[in-house]
Each structure stands twice: as structure tokens, then as C-alpha cells.
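For reference, the structure is listed below as C-alpha cells.
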Amino acid sequence: MVFKKLLGALGVGGPSVDTVLHHPHVRPGASLAGEVRITGGNQDVTIEHVALGLVTQIETEHGDHEGHAGVEFHRVAFGGRFALAEGEHHTIPFELPVPWETPITSVYGQHLHGMLLGVRTELAIAKVADKGDLDPISVEPLPAQEKVLEAFSQLGFHFRSADLEHGHLHGIHQELPFYQEIEFYPPSQFAGRINEVELTFVASPHGLDVVLEADKRGGFFSSGHDAFGRFHTTHEEALTTDWAGRIHEWLEQAAQRRGAMGGHGHHGHHYDDDHHHRHHGSGMGGMVAGAALGVGAGIVGGMIAGEVIDEVGDFFEGDEEF
């Protein structure tokens, strides 16, 4: 998708910019390749810089009010300072690194409801920057993350929604000022004991943290509370871990456990970190990845193409917030 805007700082007849992505799909830790195409307006100008940034929306809380805010969480300048003559065409190729903690926006081609992410191009002339181009991108899970999501499907979880929360997870190193929560309805065998389960990934070049939160139902004489768990693994170990077994074991213990296990505070999650949360078992056998997260599995079956179009349209119509 290519968008074109005039540079507002110069008014009618200023330079225009198109950003073309060679492929709008990417995984965390990889790079987006493309080129920025700039066309001169009706006068000679000096371009101070061209910058690309990754932007998204996060959940915000102000007292009792909740909302969304646009944030730019990664930014790289390209090309340096150069002169652009009237009507001249100038092309800048680029490779934009994508942070390892970048949230997932789609799974096997199915958009995750609530996830919007794009690349913004900024063109600056005479120290006045214009937001220029904004192009949506799709972030697919890492192979290690896919294995965890496959286990959720195998166990009978159903995708509910996903969002980005401002803050940091307790005890986990984060580079970004927010984290993703992927929410699931639990398998039928936990009905009446667990309301929902939230999954958070924090990836790095060296490994993957998988943080789980179970929202527990309260009994007749007791109130519900949250249970937390953390699994840490390398990317290689994750591919042969029995995630279905690990998650099922944790969920059984979470459903049976009594007493407060912690909760949300200003710093995000708290969790219990027992030895079994770091145990790595056997591989998952011959599970077929594409089928595991198909529409029938229920993980992303609730996604409707019309919803995706509406969300993306609203996101880009409101881009003045960024």
C-alpha cells in the first residue's frame, strides 16, 4: 500500500514522498526493505533528513478513563542532507531493522483483532518535519512463538483479542515501553475455574520469555484472583519443548491454587517462577503448523476481513496523533 502526501510545511507544490515496501510482512528481529521515492515540487529545496519510524497504538489509563495513544517505538534516519531540485526524482533504498520485541499483528496470515502497526516516513525541510507517508505492515511470529501458539490451539484455547499495555513486566528485561497481551478463552475443561488466559512474549536475540496470566473465577465463598507463570527458553530449545504439556500443567496448578498470587501494579506483571516453569520437555511431534492455527482451531477464527479494513482505515485516518 502506497500513500502520497504533499509536504505541509511548503504548502501546495512542495515535494511529495512515497514509501514502497518490497514486502510488508516481517518477523521480529528481521528487517523491512524498501525505498523512499521523493519527487521535487515547484521549487528547489534542501532535504534536512529522511526518517522511518515504526508506530502503533497502546492502551492508556488516565484515572478511571481508558483510551488509546499513538506511539513511535523505533526510528532510523536515512540518506543524510541533500539538495532536491524542482521536479527532481530522488530514491533512497533502505533496510529498517525491526526490534525483537515488536508485537505480533498476524498469525498465519490472519490478522489479530486490535493489532495495528505501520511504518511512518518523515521528510524534513528547513528543520520543519512532515509526517509524509504511512504504510501498514504485518508482523508474523518467530518460529519459537509459533510453537507456543500451536500449543494453545492444541489444548483447545480460543483467541479473544490482543492489545498493547504501557509499562514493563516484573523481573524481565524489556527494551520497549510496552508489552503485548494476547487473550484467550480457556479450554472447556477449565470452564467455571478460569475466565481467560493472557499470553505475553518478550523476545531477544538470545531467547524468549513466555509470560502467562490466568484470570481465575471466584467460588461462592471466595473471590477470584490472577495466577502468573513464566517460561524462559532459547530459540532453539523452544522448537523442541512440549509446550502443550508445560502449559497444561501450569494451568491445572493455577486453577487449583488458592490465595493471592500477585497482580497488576505500576510495573506490570508479577508472577511465580517455580522450577517447572523452566523445564523443557520433548518435541511436539508431527503437528502441522498451518492446520494448528487454522480457522477451525479457533485461535484466529474470529477474524473478519471487513474488521481488518475498518481498523487499518481508522488507524491511518487518525495519524495526526503520532
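The values are calculated or read from the model by the stated rules, or taken from the named source; none is laboratory data. Everything quoted here is computed from the prediction, not taken from an experiment. Note: ideal-geometry Cβ built from the backbone for every residue, glycine included; neighbour counts use all protein chains shown.
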Exercise. Just wondering, is there one or more residues in segment 59-67 that are modelled with pLDDT of 85 or more, surrounded by 14 or more Cβ atoms within 10 Å (Cβ to Cβ), part of a strand (DSSP E or B) and outside the structural domain of residue 161 (by TED's automatic domain parsing)?
Worked result: no
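Residue 204: closer than 24 Å to residue 249 by Cα and either of a type in the set (S, T, N, Q) or outside the structural domain of residue 254 (by TED's automatic domain parsing) (or both), yes or no? Steps first, please.
On the way: closer than 24 Å to residue 249 by Cα: no; either of a type in the set (S, T, N, Q) or outside the structural domain of residue 254 (by TED's automatic domain parsing) (or both): yes.
Answer is no for this residue.
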Exercise. Within segment 227-239, can one find any residue that is surrounded by fewer than 21 Cβ atoms within 10 Å (Cβ to Cβ), in contact with a helix residue (DSSP H, G or I) (Cβ under 7 Å, 6 or more places away or on another chain) and at pLDDT below 85?
Worked result: no
Exercise. If you scan segment 99-109, which residues turn out to be surrounded by 20 or more Cβ atoms within 10 Å (Cβ to Cβ) and modelled with pLDDT under 95?
Worked result: 107
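Please indicate, with yes or no, whether at least one residue in segment 152-168 is assigned by TED's automatic domain parsing to the domain that holds residue 22, closer than 15 Å to residue 200 by Cβ and at pLDDT 90 or above. Break it down into steps so the answer makes sense when it comes.
Filtering segment 152-168 down to residues assigned by TED's automatic domain parsing to the domain that holds residue 22 leaves none.
No, that holds for no residue.
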Exercise. Which residue out of 165, 150 is of a type in the set (D, E, K, R) and more than 28 Å from residue 67 (Cα to Cα)?
Worked result: 150
Exercise. Being within 29 Å of residue 187 (Cβ to Cβ) and assigned to a loop (DSSP other than H, G, I, E, B), is that true of even one residue in segment 119-128?
Worked result: no
Problem set entry | Members of segment 34-51 found to be within 17 Å of residue 78 (Cα to Cα) and either surrounded by fewer than 14 Cβ atoms within 10 Å (Cβ to Cβ) or within 18 Å of the chain's Cα centre (by Cα) (or both), listed by number | 46
Seminar exercise, completed: Filtering segment 164-177 down to residues that are in a strand (DSSP E or B) and either surrounded by fewer than 21 Cβ atoms within 10 Å (Cβ to Cβ) or without any contact (Cβ under 8 Å) to a residue 60 or more places away in the chain (or both) yields 165, 166
